[in-house]
1. With ALA34, ALA73 as the choices, which residue is surrounded by fewer than 14 Cβ atoms within 10 Å (Cβ to Cβ), touching a Ser or Thr at 6+ places or on another chain (Cβ under 6 Å) and either aliphatic (A, V, I, L, M) or on the phi > 0 side of the Ramachandran plot (or both)?
2. Considering only residues that are modelled with pLDDT under 95 and in a loop (DSSP other than H, G, I, E, B), look in the range 179-209 and name the one that is surrounded by the fewest Cβ atoms within 10 Å (Cβ to Cβ).
3. Please go through the range 212-245 and pick out each residue that is buried (at least 20 other Cβ atoms within 10 Å of the Cβ) and in contact with a strand residue (DSSP E or B) (Cβ under 8 Å, 6 or more places away or on another chain).
4. Consider LEU112 carefully, then state whether it is at pLDDT 95 or above and either touching a helix residue (DSSP H, G or I) at 6+ places or on another chain (Cβ under 8 Å) or outside any helix (DSSP H, G or I) (or both).
5. For the condition of a type in the set (Lys, Arg) and in a strand (DSSP E or B), what is the one hit in ARG158, ARG232, ARG238?
6. Check VAL48 against each of (1) under 27 Å from SER212 (Cα atoms); (2) at pLDDT below 95 and name the one condition it does not meet.
7. Every residue in the range 37-70 that is out of contact with any helix residue (DSSP H, G or I) (no Cβ under 8 Å at 6 or more places or on another chain), of a type outside the set (S, T, N, Q) and surrounded by fewer than 16 Cβ atoms within 10 Å (Cβ to Cβ), please.
8. Please verify whether the range 155-165 includes one or more residues that are under 11 Å from TYR106 (Cα atoms), surrounded by fewer than 20 Cβ atoms within 10 Å (Cβ to Cβ) and in contact (Cβ under 8 Å) with a residue 40 or more places away in the chain.
Amino acid sequence: MAEKTGGGANAAQPTFVARALTKTYRTEAGEVHALRGIDLELWPGEFVVMLGPSGSGKSTFLNILGGLDSPTAGQVLYRGADLAAFSERARTRYRREEIGFVFQFYNLIPSLTARENVLLATEIAPEPLTPEAALDLVGLSARADHFPAEMSGGEQQRVAVARAIAKRPSILLCDEPTGALDSNTGILVLQAIEAASSALKTTTVLITHNVSIAAMGDRVISFTNGHIADIRLNAQRRPAGELSW
């Protein structure tokens, strides 16, 4: 299969197809079964919320989608191409050009302004947004020349969202992006993710343990003990601004 990481999304074709996806880690205490045969499709432009307690497998699944980890067995196809078959060069290109990551901790460079932190991401992308456009999408135009130490935690996380979307990714993967934030601040971050996802038409996967956030997804996928326990379709998505917890 050709090592392709680009190309237009076909609405009739899933963005991702996982089949019998298994991940086992070997530790001194024995084997840890993080994923136990996951079958799932994710679709172009879809906003998916993944729920589950710590250790349920959702972060492992996200890391495999993002090319940060590989399955022990089974496969994940990205637009028909098997991620496990990618060379290291193709995998790096896939992460660089196709995937935007937002993690719980912001990981901004303290000595750089918000604009400069975002600019770093645009330098490795073929057709990036300008840092100013990315910061505007997350509502931080006025903070572009501020350093991380001069911003609140929520503002720093929104800079991290801007950094993730600046390269115009096809996929936005968010792992507990509000986990370190209070409700009011977390909602601002969710609004930033929501706006960016809508503007760029990304396939967005957001991991959380917060059940209240599930209402903003097209689908809600619940993980438990390495399995998918439930998949629920939201008849109508609720805007992030209407959420509270």
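The values are calculated or read from the model by the stated rules, or taken from the named source; none is laboratory data. Just so it is clear, the model here is predicted, and its values are computed rather than measured. When we count neighbours, we look across all protein chains shown, and the Cβ atoms used for this are built from the backbone with ideal geometry, even at glycine.
1. On the way: ALA34 fails: surrounded by fewer than 14 Cβ atoms within 10 Å (Cβ to Cβ).
Exactly one of ALA34, ALA73 is surrounded by fewer than 14 Cβ atoms within 10 Å (Cβ to Cβ), touching a Ser or Thr at 6+ places or on another chain (Cβ under 6 Å) and either aliphatic (A, V, I, L, M) or on the phi > 0 side of the Ramachandran plot (or both), namely ALA73.
2. ASP182
3. Hits for the range 212-245 are ILE213, ALA214, MET216, GLY217, ILE221, PHE223, GLY226, ILE228.
4. yes
5. The match here is ARG232.
6. (2)
7. GLY37, ASP39, GLU41, PRO53, GLY55
8. Looking for residues that are under 11 Å from TYR106 (Cα atoms), surrounded by fewer than 20 Cβ atoms within 10 Å (Cβ to Cβ) and in contact (Cβ under 8 Å) with a residue 40 or more places away in the chain, one finds none in the range 155-165, hence no.
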